[in-house]
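The values are calculated or read from the model by the stated rules, or taken from the named source; none is laboratory data. Quick caveat, the model's predicted, so the values are computed rather than measured. For neighbour counting, all protein chains shown are included, and Cβ atoms are generated from backbone atoms with ideal geometry for every residue, glycine included. These accessible areas exclude ligands, DNA and RNA; they are computed on the full protein's heavy atoms, side chains included. Shrake-Rupley method; radii C 1.70, N 1.55, O 1.52, S 1.80 Å.
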Amino acid sequence: MKNLVFVGLLLLMNINILLGQCVGSIHGHVYKKKGKVSLTNVVAQIPSVSLEAISNEQGEFLFEGICEGSYLMRVFREDFDTLWITAKVTAKSLHFHQDIFLETHKETLESIEILQRKDAPISSQTQQYLSNAELEASRGKTLGDMLKNIAGVNSLSTGAGISKPMIHGLHSQRVLILNNGVRQEGQQWGEEHAPEIDPFSAEQVAVIKGAAGVRYGSDAMGGVVILNPKPLTTSSKFSGKAYLIGHSNSRMGNIAFQMQKAFSKGWAWNFQTSAKKGGDFHTPNYVLSNTGIQELNFSGTIGYTKENWNIQGYLSRFDSEIGILRASHTGNINDLALSISRPQPWYIAPFTYDINNPRQRIIHYLGKINAEIKLNHVGTLSLQYAFQDNSRKEYDIRRAGRSSMPALSLSLQSHNLEAVLEHHAWRDFRGSFGINTLYQTNYNIPETGIVPLLPNFTNITQGIFWVERFIKPKYDLEWGLRYDYRHTQVRTFIQNRTYIEPNYQFNFITGTIGYSYFPNDSFTFKTNIGATFRPPHTAELFSQGLHLGIGNIQEGLLFENGFLNPQKNFSIEQSYKWVASFSYKQKNWTLDIQPYYNIINNFIYLTPTDIRLTIRGTFPVFNYIQDNISMRGIDLTSIYKLGKWGWQSKFAYLQAQIQQTKEGLINMPPLRWENKLFFEQKKWKSLENIDFFATLLHVSKQSNAPRVISPTIFENITNEEQATILAGGNFDFMEAPKGYTLLGLGVQASYKNFTFSGKVENATNLIYRDYLNRWRYYANDLGRNYIFQLNYKF
């Protein structure tokens with residue numbers, strides 16, 4: 001640990017040795033085209049060098065420390081047309097200036113664009129973000145459902161109220177969520193543990209699909225989800241936005257408010273709050289009993305800005321209660337087999353807003369303070385401390401009046417400290433150095449009366465990274481390196497109630513190299529290869545017992561012959577991922593193709609192994625195991641506009657298999673193809689920005705799913721017979737559902753400060769089951785859903 005701190009200080013203290021002088025600048029003054037009014041909060045981006053600036057109250061922005069060369073710059077604001085400008089910095093003209101005029105426009109169905117924003121630490125890793133229109137249209141949905149708008153991103157769900165993002169087949173502790181610049185630390189190991197984030201707090205949502213472990217650590221093996229709140233305003237006018245949203249399915253309502261204001265002398269604040277309440281969801285022909293949901297959330301920021309430094313404080317609270325499908329709990333093996341085979345759940349009750357057991361209650365606090373300091377002739381130093389407190393309680397149906405006692409009660413506290421220095425350009429080089437520390441404790445609150453699913457543990461992780469880029473006008477070459485040290489101490493019991501405190505220490509290195517080529521304004525090519533190493537999470541090693549959220553029993557890697565063995569060998573995951581992007585853009589047509597290939601050695605995953613009868617019912621048993629796997633696929637996004645008409649298409653395909661046996665893996669996304677036809681009318685009478693659209697989503701059957709074995713096979717079998725079944729490879733208790741095609745329709749229009757939208761999902765009320773929904777064993781997916789949304793800007 002001392003060596004790690006010494007290396008970090010040495011790197012940060014000797015940066016001046018590496019730096020030279022890039023003294024050019026790019027200055028812009030942004031105006032509204034009609035009336036030549038200066039525009040504030042306009043974003044200016046230079047993708048080739050990952051720079052971003054925002055225009056001030058005078059409409060001006062400035063990039064300093066620019067090397068000689070030609071730079072393609074994107075200038076945009078959500079209510080204006082995007083403009084691309086070429087800025088040239090030469091030896092004879094080091095300081096480029098241009099007046100920029102933007103035309104008013106309501107950004108509706110702009111395609112997902114591939115840009116390297118300041119949040120993307122590796123520019124050769126494509127970063128895709130939701131357009132403003134897609135983000136606004138998804139308000140009220142879960143984060144996982146919002147991100148399905150991006151090709152290659154799916155949602156692993158447990159019914160309609162719980163979903164988590166899946167990037168190229170990876171999820172949970174392999175996908176990092178960066179919430180307002182802070183690593184989201186919750187109980188993300190659970191497949192039915194949704195991120196404890198209010199999507200209303202995000203003004204920008206982006207996804208990095210490549211292995212981003214160099215910048216963020218091993219949890220970013222599969223990619224990164226970035227959520228940024230609205231930047232602090234520079235306007236002294238009190239302003240904001242209000243949302244009112246209603247869903248017919250579950251009779252759910254959402255209400256949310258955002259407000260902001262700046263003061264003189266550099267102070268500013270914003271505040272956001274939202275509430276949600278929904279009853280039982282329903283399929284086309286029955287109610288999904290006990291699937292209600294309710295939330296009450298808030299977040300706020302206060303900041304102070306000076307010329308060469310700024311400081312901000314942030315606090316958020318997420319509070320959610322979610323019902324678990326009553327039919328997912330069965331009494332014996334035959335009931336379980338019948339639940340899987342019958343067309344309707346065994347338990348159906350009339351619609352209600354009541355949330356009964358089984359259910360979840362989650363409260364998550366996030367607080368942070370961060371500062372940015374501009375160091376003359378060196379760069380920008382960012383310092384951040386964050387604290388998170390995550391409380392999760394899961395309630396089961398228990399006897400003798402104990403249903404009010406949680407069956408699982410976990411408290412997770414995380415402290416994160418980070419320092420990053422982005423150095424000024426030196427000749428053709430630009431990069432950053434950083435060091436971070438995570439201290440985390442997980443504690444089982446002794447109120448359950450049963451053996452906890454997850455043990456108490458303390459986790460200390462320290463990492464140091466370096467990312468550097470060699471920048472030329474038409475190409476970039478970049479590389480990065482990271483070293484991590486992790487120490488985990490576990491406190492648990494083994495057989496005969498023997499108390500143990502095993503310790504585990506891991507040292508691992510992550511690396512990446514990438515190349516970007518942009519010969520002209522129309523074509524961009526990127527390729528990146530990354531190696532990421534990930535130690536097992538404590539849950540993957542020590543899980544034992546019923547995980548009621550998904551109705552199964554889980555056992556970790558350290559279980560052997562039904563008993564916990566802390567000395568059992570296991571291996572660190574090793575991921576080697578290649579991803580490329582071919583982007584082509586013309587006036588009316590954009591196309592982006594992203595192939596990828598990922599080899600993961602010692603991949604850790606849950607697979608069914610048994611059926612077990614307990615005093616709480618009969619449940620499938622899932623064990624964590626390790627295999628060498630490969631994952632390859634392709635994402636495609638295209639949009640074509642012809643006058644007022646447009647067509648958008650998103651396609652994603654993934655094939656995942658065990659390398660040795662070529663078997664398919666459970667819960668991998670099938671082929672997904674979504675098309676959208678739209679018509680835009682800027683003005684009609686008193687209405688503006690009128691949009692009509694129709695969507696057609698096709699999801700194929702997962703043809704590479706594991707074999708199927710009925711739960712009844714496990715009734716009264718011997719250990720030898722069970723071993724024979726397991727030797728045959730992976731299996732599932734149910735065949736992968738058939739493919740399906742869903743139709744959606746919608747309309748949107750604006751009147752003065754109001755925006756109204758209405759749409760219908762699953763317009764034909766199709767009966768179907770989704771392979772990535774963990775409740776597919778027990779019930780159909782959602783039926784028709786009408787959504788009405790009213791927004792007001794003030």
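Just a few scattered comments:
- Lysine pairs in the range 24-102 with Cα atoms under 29 Å, if 8 or more residues apart or on separate chains: 4
- Cα gyration tensor shape of the range 527-623, rounded if a/c is under 1.5, else prolate or oblate by comparing a/b with b/c: oblate
- Fraction of beta bridges assigned by DSSP in the chain that are antiparallel (%, nearest 5): 95
- For q = 0.10, 0.12 Å⁻¹, Debye-computed log10 I/I(0) when each Cα of the range 24-102 counts as one equal scatterer: -0.21, -0.30
- The share of alpha-carbon pairs in the range 455-592 lying farther apart than 17 Å comes to 72%.
- For the range 649-654, Karplus couplings with θ = phi - 60° (6.51, -1.76, 1.60), whole Hz, Gly/Pro x: 9, 10, 10, 9, 9, 9
- Taking the accessible area of the chain, probe 1.4 Å, and keeping the other protein chains in place, the carbon and sulfur fraction comes to 58%.
- Whole-Å distance, taken between Cα centres, linking the range 185-215 and the range 672-746: 22
- For the range 481-496, putting each phi into the Karplus relation 6.51 cos²θ - 1.76 cosθ + 1.60 with θ = phi - 60° gives couplings of 9, 9, 10, 10, 10, 10, 10, 10, 10, 10, 10, 7, 10, 10, 3, 6 Hz, in residue order, rounded to whole numbers and with x for Gly and Pro.
- Cα lying deepest toward the dipole's positive end in the chain, options 504, 37, 542, charges on Cβ: 37
- The alpha carbon radius of gyration of the range 586-723, expressed as a multiple of 2.2 N^0.38 Å, is 1.63.
- Reduced Cα scattering model of the range 246-328, Debye log10 I(q)/I(0), q = 0.13, 0.21 Å⁻¹: -0.59, -0.95
- Shape analysis of the range 365-428 places it in the prolate category; the axes a ≥ b ≥ c from the Cα gyration tensor give an a/c of at least 1.5, with a/b above b/c.
- The range 590-596 - phi-based ³J(HN,Hα) in whole Hz, Karplus 6.51/-1.76/1.60, Gly and Pro as x: 10, 9, 9, 10, 10, x, 8
- Since only 236, 730, 425 are under comparison, the one whose Cα sits farthest along the positive direction of the charge dipole of the chain, derived from C-beta charges on Lys, Arg, Asp and Glu, is 236.
- Within the range 24-102, DSSP assigns beta bridges of which about 75% are antiparallel (rounded to the nearest 5).
- A protection proxy built from the mean count of other Cβ atoms within 10 Å ranks the segments 208-216, 291-299, 168-176, most packed first, as 208-216, 168-176, 291-299.
- With N as its number of residues, the range 480-556 has a Cα radius of gyration that, divided by 2.2 N^0.38 Å, comes to 1.85.
- For the range 24-102, the solvent-accessible area of protein heavy atoms averages 46 Å² per residue (probe radius 1.4 Å; ligands and nucleic acids excluded).
- Value of relative contact order over the range 338-466, rounded to a whole percent, pairs C-alpha under 8 Å and six or more apart: 19
- From helices alone, the chain scores -1500 deg cm²/dmol at 222 nm; the rule is -39500 (n - 2.57) for each run of n ≥ 4 DSSP H residues, then divide by the residue total.
- Aspartates and glutamates whose Cα lies under 17 Å from that of residue 585, excluding same-chain neighbours fewer than 8 positions away: 81, 110, 113, 521, 635
- Convex hull projection area averaged over all views, the range 239-793, Cα basis, nm²: 29.6
- For peptides 679-690, 428-439, sequence by mean Cβ density within 10 Å, most packed first: 428-439, 679-690
- Per-peptide average of other Cβ atoms within 10 Å, ordering 700-711, 474-485 highest first: 474-485, 700-711
- The relative contact order of the range 575-666, computed from alpha carbon pairs under 8 Å that lie at least 6 residues apart in sequence, is 25 percent.
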